[in-house]
1. So which of A:152, A:133, A:148, A:161 is within 16 Å of DNA strand B (Cβ to nearest atom), within 30 Å of residue A:276 (Cβ to Cβ), part of a helix (DSSP H, G or I) and open to solvent by less than 50 Å² (accessible area, probe 1.4 Å)?
2. Might you check whether a residue that is of a type in the set (Asp, Glu) and touching a strand residue (DSSP E or B) at 6+ places or on another chain (Cβ under 9 Å) occurs anywhere in region A:402-422?
3. Which of the residues that make up region A:177-195 are surrounded by 15 or more Cβ atoms within 10 Å (Cβ to Cβ) and either without any contact (Cβ under 8 Å) to a residue 12 or more places away in the chain or not in a loop (DSSP other than H, G, I, E, B) (or both)?
4. Please find, among A:89, A:120, A:46, the residue that is in contact (Cβ under 8 Å) with a residue 40 or more places away in the chain, within 12 Å of DNA strand B (Cβ to nearest atom) and either in contact with a His (Cβ under 6 Å, 6 or more places away or on another chain) or of a type in the set (Gly, Ala, Ser) (or both).
5. Looking at region A:322-334, which of its residues are out of contact with any Leu (no Cβ under 7 Å at 6 or more places or on another chain) and surrounded by 13 or more Cβ atoms within 10 Å (Cβ to Cβ)?
6. Can you spot a residue in region A:181-202 that is within 15 Å of DNA strand C (Cβ to nearest atom), on the phi < 0 side of the Ramachandran plot and basic (Lys, Arg)?
7. Please pick out the residue among A:459, A:434, A:441 that is in contact (Cβ under 8 Å) with a residue 12 or more places away in the chain, within 11 Å of DNA strand C (Cβ to nearest atom), crowded, with 17+ Cβ neighbours inside 10 Å and more than 30 Å from residue A:211 (Cβ to Cβ).
8. Could you identify the single residue in A:278, A:238, A:268 that is of a type in the set (Lys, Arg) and more than 15 Å from DNA strand B (Cβ to nearest atom)?
Amino acid sequence: MLLAAVAAASAEVAATRSRRAKVERIAAALTAATPAEAVVVAAYLAGELTQRRTGVGWASLRELPPPAQAPTLDVLEADRAWSAIAEVAGAGAQGERRRLLEALFARATEPEQRLLRGLALGELRQGALDALVVEGLARATDAPLAEVRRAVMLRGATPPVAEALLAEGSAALARFRLEVGRPVHPMLASTAADVAEALGKAGPAAVEEKLDGIRVQVHRRGDDIAVFTRTLDDVTSRLPEVVEAVRTLPADELVLDGEALALGADGRPRPFQETAARTGSRVDVPTARARAPLSAAFFDVLHVDGEDLLTASTAERHDRLAALAPEAMRVRRVVVTGPEDEHAAAAFSASALARGHEGVVVKALDAPYEAGRRGAAWLKVKPVHTLDLVVLAAEWGSGRRRGWLSNLHLGARGLDGGFVMLGKTFKGLTDAMLQWQTTALLELAVEQAGWGVVVRPELVVEIAFDGVQASTRYPAGMALRFARVIRHRPDKTAAEADTVDAVRAVFDRARATGESSG
DNA sequence: TTCCGACAGTGGGGTCGCAAT
DNA sequence: ATTGCGACCCCACTATCGGAA
């Protein structure tokens, strides 16, 4: 199969807004592939290379050779070329990688170059990712969608399922089971404004502490223990404390889901940045460990000694977890079965915050573990801060935001009458707001640049954020975490905006109470 | 007919390790 | 030593399609 066929399919997927039409086109491409080719085609139409990392990003793709006139690249050939690029390492690697990259792109036609570039950057922007490939795969092979989804969830990836389905048909699906040692995509939570709203959606539920660390999925088979992140990266060697903790548990085969985070000597959580630094440190783990020891707190169990628990209810899975792991290794929780318990849930949430944690996650007691899906069964609730800040500059948007000023540079009022930048945001803006602010900011522009405009600091925006974190990038030494626009405030003047001191107060309060971010 | 769940897109700050300067 | 780059941790929110109610 030629890469050109995949490039054409991708272009047609991008050309329609109808999801059903996208799925049909993906199905057609998969049908035309051999099982071996389907591995690559399924990845590419989901916008991913088969290689986890290639060392190729924006900078490497700025200048490329002119496209080939006629398509000659085979799909499997292109995949092998990326493998060769990914494997380059050591001194002189950049030059060698460059040479291989140029050789690949020189053989690609214009549509093929566009595909390869989008794949390398993870920005194919065709309006379809893995979820639609899974639908297309079910369509192409006449397999029940729910069963294909189940196989993908248990395998932790779509391409191997595509290969098996094309080679053997639906009968292959039964082979895909949870395997201890191979990670599944973790179940994700959506957001609720407050505990009452979350309980209203979830029904009878467990309310769990939300820890501000990194998600860990731990697999144990005897003495063999592996730790995976949310994106299924293997971080076993970086988190020895987690391995040691799980080794103490009384089960031979185990799959656990939880959170790892750095705690201070007082048992309170350290800022997220310290946990992230620990998880990122690979070279000298013992030193990093001595500086910021990690703890693991688990909230779910997916497998125990030969028994899969994915379809068991949240209530049952927790019972199994509680029988295995001591309280100190589990996240705190309360169970709420009716409206009369709402007060207890709110009190629990307040105590979680007082202990320095991020908030709570409300989990429906009757829900199974839906790997890889962001369903309504888990709802996170976090407190939100708001401030009135001033727009200092704005960047031109890309994609569907092309032509609109999108990303706002935010400043707080300084002591000297100037403004101090605290971060940027593009979030929370409706199309109408984008349109309005583009006009408004162009009128305030004092400098036009390729990236956007610098403006007179006059437009006030109400900004929501989760907390204030230490920053080396911004002049006040602080940056907003997860800032988003609530609304424009043209009714306010910049002199009425919040001050840097107000922001610092949030920052200092968080550090004093040990709160993770705010 | 209306509602809402699932998806994709649009980017944010911080951190590490590596290769080049 | 410093810098630029790539990869990954954390992530919020809106628009849209199409099935559910």
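The values are calculated or read from the model by the stated rules, or taken from the named source; none is laboratory data. Because the structure is a prediction, the values reported are computed rather than measured. A quick note on method: Cβ atoms are made from the backbone with ideal geometry, for glycine too, and the neighbour counts reach across all protein chains shown. Quick note on the areas: whole protein, heavy atoms, side chains included, nothing else; ligands and nucleic acids left out. Shrake-Rupley method; radii C 1.70, N 1.55, O 1.52, S 1.80 Å.
1. Working: A:133 fails: within 30 Å of residue A:276 (Cβ to Cβ); A:148 fails: within 30 Å of residue A:276 (Cβ to Cβ); A:161 fails: within 30 Å of residue A:276 (Cβ to Cβ).
Every option except A:152 fails the conditions.
2. Pass one, region A:402-422, residues of a type in the set (Asp, Glu): A:416.
This time we only want the ones that are touching a strand residue (DSSP E or B) at 6+ places or on another chain (Cβ under 9 Å), so: none.
Among the residues of region A:402-422, not one is of a type in the set (Asp, Glu) and touching a strand residue (DSSP E or B) at 6+ places or on another chain (Cβ under 9 Å), which makes the answer no.
3. Result: A:195, single match.
4. Numbers: A:89 fails: in contact (Cβ under 8 Å) with a residue 40 or more places away in the chain; A:120 fails: within 12 Å of DNA strand B (Cβ to nearest atom).
Just one listed residue meets the conditions, A:46.
5. Within region A:322-334, the first condition is being out of contact with any Leu (no Cβ under 7 Å at 6 or more places or on another chain), and the residues that meet it are A:322-323, A:326-329, A:332-334.
A:322, A:329, A:332, A:333, A:334 - these are the residues of region A:322-334 that are out of contact with any Leu (no Cβ under 7 Å at 6 or more places or on another chain) and surrounded by 13 or more Cβ atoms within 10 Å (Cβ to Cβ).
6. Among the residues of region A:181-202, at least one is within 15 Å of DNA strand C (Cβ to nearest atom), on the phi < 0 side of the Ramachandran plot and basic (Lys, Arg), which makes the answer yes.
7. Details: A:459 fails: within 11 Å of DNA strand C (Cβ to nearest atom); A:441 fails: within 11 Å of DNA strand C (Cβ to nearest atom).
Going through A:459, A:434, A:441 in turn, just one is in contact (Cβ under 8 Å) with a residue 12 or more places away in the chain, within 11 Å of DNA strand C (Cβ to nearest atom), crowded, with 17+ Cβ neighbours inside 10 Å and more than 30 Å from residue A:211 (Cβ to Cβ): A:434.
8. Criteria check complete, one pass: A:268.
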